[in-house]
Amino acid sequence: MKITTAWKLALKKEPRTTGEFDKLPEHVAIIMDGNGRWARKHKLSVSRGHRQGTETLREIIRHTDDLGIKALSLYAFSTENWKRSEEEVAALMQLILDFFASEIDELDEKNVRILILGDKSALPEKQRETLKEAERRTGKNTGLRLNIAINYGGRAELVKAAQEIAILVKNGTLRPEEITENTISDHLYTQGQPDVDLLIRTSGEQRLSNFLLYQNAYAEFVFPEVLWPDFTVHDYDLALDAFAHRERRFGKRL
Ligand code: IPE
Ligand code: IPE
Ligand code: MG
């Protein structure tokens, strides 16, 4: 069989560069799943699994930035994740502090703009202040838009948007018939950013789990089997490659 360029690229394990993709998404969203199963597989604590997951996170953010992708949204903690054990929640909260302490300088230096998606008010004070400070410090940066979803739920986000819009109608700033799809987008956390083009969920699960419900309306989905701590830049390149070869129709007949 003839080895085509596409084949050679699929076999290539080194990180790819922008020009090696036919097309890249503007906005990638990732549901980082499988830390618990990774920990069980290696007979380690679940906290250790989450910690290993942050190693993957670093690599994936770096590669996204190198490729010049505009926006990356990462699901780190859902509104439903509070239902886990006190110990696991505490470990995840600690990881938030550790992650920002070790990464913020480099991210800021790389001109990355951080935005937290979700309700920060329900978080412990230290975490809340750390996240606010990261947003403040990088707020004027013009590079990669890095959105980290913490205490985030897609339905809660839509409820918040509905409440804000209702207030505008009530005080006479907006008439109900003036509400458009853009009005809704403008009241989401991701306001001003493009919709998600590519959604990746690792670990083989194939569901949204309440992530970016509105923004994922026309996203392409890729579900690698690999667990998040084992997900490599090469796996990421393969997902980006799958995206490049999808035919997006948006309802039209092409
Ligand atoms: C995803 O890994 C990370 C978070 C939800 C914070 P999980 O902890 O859900 O991993 P599994 O699904 O149990 O393997
Ligand atoms: C979604 O994963 C949330 C994050 C990755 C942060 P979960 O593991 O919590 O989702 P379910 O419970 O399997 O749907
Ligand atoms: Mg999970």
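The values are calculated or read from the model by the stated rules, or taken from the named source; none is laboratory data. Since the model is a prediction, treat every value here as computed from it, not as a measurement. Cβ atoms come from the backbone with ideal geometry, glycine included; neighbour counts cover every protein chain shown. Just so you know, the surface numbers come from the protein's heavy atoms only, side chains and all, with ligands and any DNA or RNA stripped out. Shrake-Rupley method; radii C 1.70, N 1.55, O 1.52, S 1.80 Å.
Could you estimate the translational diffusion coefficient of the chain from the Stokes-Einstein equation, with Rh from the Kirkwood formula over C-alpha pairs, at 20 °C and 1.002 mPa s, in whole µm²/s?
Answer from the Stokes-Einstein relation: 110 µm²/s.
Give the accessible area for Val169 in Å² (nearest 10); use a 1.4 Å probe, count only protein heavy atoms, and leave out ligands, DNA and RNA.
Here the residue's solvent-accessible area equals roughly 50 Å².
Go ahead and run the numbers for FRET between Thr142 and Lys43, Cβ-Cβ distance against an R0 of 45 Å, rounding to 0.05.
The value I calculate is 0.50.
In whole Å and largest first, what semi-axes does the C-alpha gyration tensor of region 119-254 yield when each eigenvalue is scaled by 5 and square-rooted?
29, 23, 14
Taking the Kirkwood radius as the inverse of the mean 1/r across Cα pairs, report the Rg/Rh of region 1-137.
1.03
In percent, what relative contact order does region 177-254 have, based on Cα pairs under 8 Å that are 6 or more apart in sequence?
Reported relative contact order: 28 percent.
Apply the a/c threshold of 1.5 to the C-alpha gyration tensor of region 24-70 and tell me whether it is rounded, prolate or oblate.
Verdict is prolate for region 24-70.
With N denoting the number of residues in region 148-199, provide Rg(C-alpha) divided by 2.2 N^0.38 Å, to two decimal places.
Normalised by 2.2 N^0.38 Å, the Cα Rg of region 148-199 equals 1.25.
Grab region 78-144 and count how many Lys pairs have their alpha-carbon atoms under 21 Å apart, sequence gap of 8 or more, or different chains.
Number of lysine pairs found: 7.
Which whole-number value in Å² is the accessible area per residue of region 207-254, probe 1.4 Å?
53 Å²
Note down the relative contact order for the chain as a percent, whole number, built from C-alpha pairs under 8 angstrom at least six residues apart.
RCO, the chain: 29 percent.
For region 181-235, how big is the tail of P(r) above 17 Å, as a whole percent of Cα pairs?
Cα-Cα pairs in region 181-235 separated by more than 17 Å: 45 percent.
For region 55-148, which GluC sites (Glu not before Pro) pass both filters: DSSP loop (anything but H, G, I, E, B) and at most 16 other C-beta atoms within 10 Å? Walk me through the intermediate numbers first.
On the way: sites: Glu55, Glu59, Glu80, Glu86, Glu87, Glu88, Glu103, Glu106, Glu109, Glu125, Glu129, Glu133, Glu135; in loops: Glu80.
Of the GluC sites (Glu not before Pro), the ones in loops of region 55-148 whose Cβ has at most 16 other Cβ atoms within 10 Å are Glu80.
Would you compute, from DSSP H runs of 4+ residues alone, the mean residue ellipticity of the chain at 222 nm, taking -39500 (n - 2.57) per run and dividing by the full residue count, rounded to the nearest 500? Before the final figure, lay out each step's value.
On the way: 8 runs with 109 residues, N = 254.
Theoretical 222 nm ellipticity from helices: -14000 deg cm²/dmol.
So for Asp22, Asp33, what's the accessible-area order with a 1.4 Å probe, most first?
Asp22, Asp33
Calculate, for region 50-118, the solvent-accessible area per residue in square angstrom, rolling a 1.4 angstrom probe over the heavy atoms of the protein chains. Don't skip to the answer; put the middle values down first.
Details: 3060 Å² over 69 residues.
Averaged over the residues of region 50-118, the accessible area is 44 Å².
How large, in percent, is the carbon and sulfur part of the accessible surface of the chain at a probe radius of 1.4 Å? Walk me through the intermediate numbers first.
Details: 6970 of 13630 Å².
C and S atoms contribute 51 percent here.
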